[in-house]
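Presented below is the structure to which this report refers.
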Amino acid sequence: MKRFIVTGGYGFIGSNLIRLLLSKNYKVLNIDNLNYSAQKYNLSDVTNKNYKFEKIDINNKSRISKILKKFKPHGIFNLAADTHVDRSIDNSYNFIKNNILGCYSLLESIRTYKKKVRLIHISTDEVFGDVALPKRSREDHAYSPSSPYSASKASSDHLVNSYVRTYKIDAVITNCSNNYGPRQFPEKLVPKMIYNIINNRPLPVYAKGKNSREWIYVDDHCEALIKLFFKGKSGEKYNIGSGKNCSNIFIIKKILGAFKNKKINIGKKVKIQFIKDRPGHDFRYALNSNKIKKSLGWRPKTDITKGITKTVNWYINNQKFFSNISKKLFIKRLGVL
């Protein structure tokens with residue numbers, strides 16, 4: 001039976017990945033430092049005997065090294081990262097500490113581990129920076145990060161690549177587009193809009209809401225990650241995207257439509273509210289994902305309408321998820337200079 005470590009497993013993508021791995025009868029060890037965005041609710045109903053959790057900060061190299069020797073994983077999915085751009089604008093320290101130094105600590109633990117283990121390092125399309133129409137970033141495109149967050153992820157990608165070349169570790173780097181789906185912390189666009197609609201609050205959107213992002217349903221991303229563990233080529237980079245771009249205002253209207261389709265009354269205060277733009281806000285991210293499609297046969301399965309509907313349904317049926325989080329962590333706008 002394959003054994004996997006998922007770092008940041010109580011987070012959004014990590015918790016959905018763990019559920020998928022367990023459904024395929026793999027053993028999973030969740031490593032998480034339980035920072036503000038880690039939510040135990042995300043895995044509170046998991047009773048699978050193949051699942052274990054250890055509270056560990058990936059910056060703690062000695063503990064990570066001990067875990068590797070004890071658990072003997074075949075693979076590590078590195079999802080431990082601070083991810084919210086606005087937070088990185090306010091204070092970049094944790095992004096440098098966790099995304100760069102944490103990655104370094106993990107790489108050092110893998111380097112000194114005597115058995116073979118494959119690292120799947122999960123990164124973002126934001127490392128490529130603004131992409132003008134009609135272009136889409138390929139894996140060999142130059143990095144041009146615009147925020148402390150994306151710069152920290154770009155740095156971690158370079159670190160992984162250097163350890164592959166210098167120390168011959170077995171690693172694959174992935175760059176994914178915007179994820180959405182169940183269990184996402186409500187500082188991000190989709191869950192924040194859903195929370196505000198449920199609670200009769202305005203729907204704030206930067207500038208005119210025309211910024212374009214490529215959106216992928218989280219389960220489709222997780223399927224790609226597992227496929228890359230088994231079939232990805234060591235030392236290679238793979239983009240993971242849907243190939244479909246949508247403006248932020250389009251996404252918000254899709255969410256509103258999903259509520260209306262459920263015949264849920266929407267409060268009078270629920271109105272789109274244009275606010276001052278984010279500092280250094282990239283207008284468009286877009287990936288060329290032909291490599292993973294052609295070499296591994298992976299394709300996203302969930303279109304945006306179906307995915308948004310599934311996401312809205314989950315949050316409506318799991319409002320305890322919101323009640324477990326301090327409103328101070330996501331209500332007030334961050335990243336204002």
Ordered by number, the trypsin sites (Lys or Arg not before Pro) in the range 207-252 that occupy a DSSP loop and have at most 15 other Cβ atoms within 10 Å are K208, K210, K233, K244
Under a Gaussian network model of the chain whose springs join Cα atoms within less than 10 Å, the largest fluctuation of S326, S152, S137 belongs to S326
In terms of the alpha carbon gyration tensor, root eigenvalues a ≥ b ≥ c, rounded if a/c is under 1.5 and otherwise prolate when a/b exceeds b/c or oblate, the range 22-90 is oblate
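Going down the list K192/K310; K153/K233; K55/K231; K188/K263, which pairs span over 23 Å between their C-alpha atoms? It would help to have the intermediate numbers written out before the result.
Working: K192/K310 16 Å; K153/K233 21 Å; K55/K231 30 Å; K188/K263 25 Å.
Over 23 Å apart, Cα to Cα: K55/K231; K188/K263.
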Ranked on Cβ counts within 10 Å of their own Cβ, fewest leading, F322, F12, F274 go F274, F322, F12
Here, trypsin sites (Lys or Arg not before Pro) of the range 250-337 satisfying both criteria (DSSP loop; at most 14 other Cβ within 10 Å) are K262, K263, K268, K269, K271, K276, K301, K332, R333
Expressed in angstrom and rounded, the centroid-to-centroid distance over alpha carbons for the range 239-258 and the range 43-86 is 31 Å
Flagged as over-length at 28 Å C-alpha distance, from K49/K320; K24/K294; K40/K306; K66/K294, the pairs are K66/K294
Restricting to aspartates and glutamates and to Cα separations under 20 Å from K293, and discarding same-chain partners fewer than 8 apart, the set is D125, E139, D140, E214, D219, D220, E223, E236, D303
So the angle from the long Cα axis of helix 61-71 to the longest Cα principal axis of the chain, reported in degrees to the nearest 10, equals 80 degrees
For the range 102-221, the dipole about the Cα centre with charges only on Cβ (Lys and Arg +1, Asp and Glu -1), to the nearest 20 debye, works out at 180 debye
Any chymotrypsin sites (Phe, Trp or Tyr not before Pro) in the range 25-98 that lie in a DSSP loop and have at most 13 other Cβ atoms within 10 Å would be none
Of the listed pairs K52/K276; K27/K237; K52/K291; K2/K262, those with alpha carbons more than 32 Å apart are K52/K276; K52/K291; K2/K262
In nanometres, the difference between 0.36 nm per residue of separation and the alpha-carbon distance of I272 and E108 is 54.3 nm
For 112-118, 139-145, ranked highest to lowest by mean beta-carbon neighbours within 10 Å, the order is 139-145, 112-118
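What percent antiparallel are the DSSP beta bridges of the range 174-283, to the nearest 5?
Of the beta bridges lying entirely in the range 174-283, close to 25 percent run antiparallel.
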Given unit charges at Cβ for Lys, Arg (+) and Asp, Glu (-), the dipole magnitude of the chain about its Cα centre in debye, nearest 20, is 920 debye
Applying the gyration tensor rule to the Cα atoms of the range 87-176 (axes a ≥ b ≥ c; rounded if a/c under 1.5, else prolate if a/b exceeds b/c, else oblate), the class is oblate
Helix 102-112: inclination vs the chain longest Cα principal axis, degrees, rounded to 10, gives 20 degrees
Ranked on Cβ counts within 10 Å of their own Cβ, fewest leading, W215, W314, W298 go W314, W298, W215
Rounded to the nearest 500, the 222 nm mean residue ellipticity computed for the chain from DSSP H runs (n ≥ 4, each -39500 (n - 2.57)) alone is -11000 deg cm²/dmol
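None of the figures in this text is laboratory data; all of them are computed from the coordinates on show. Computed from a prediction, not measured in an experiment: that's the story for all the values here. So basically every Cβ, Gly included, is an ideal-geometry build from the backbone, and we count neighbours across all protein chains shown.
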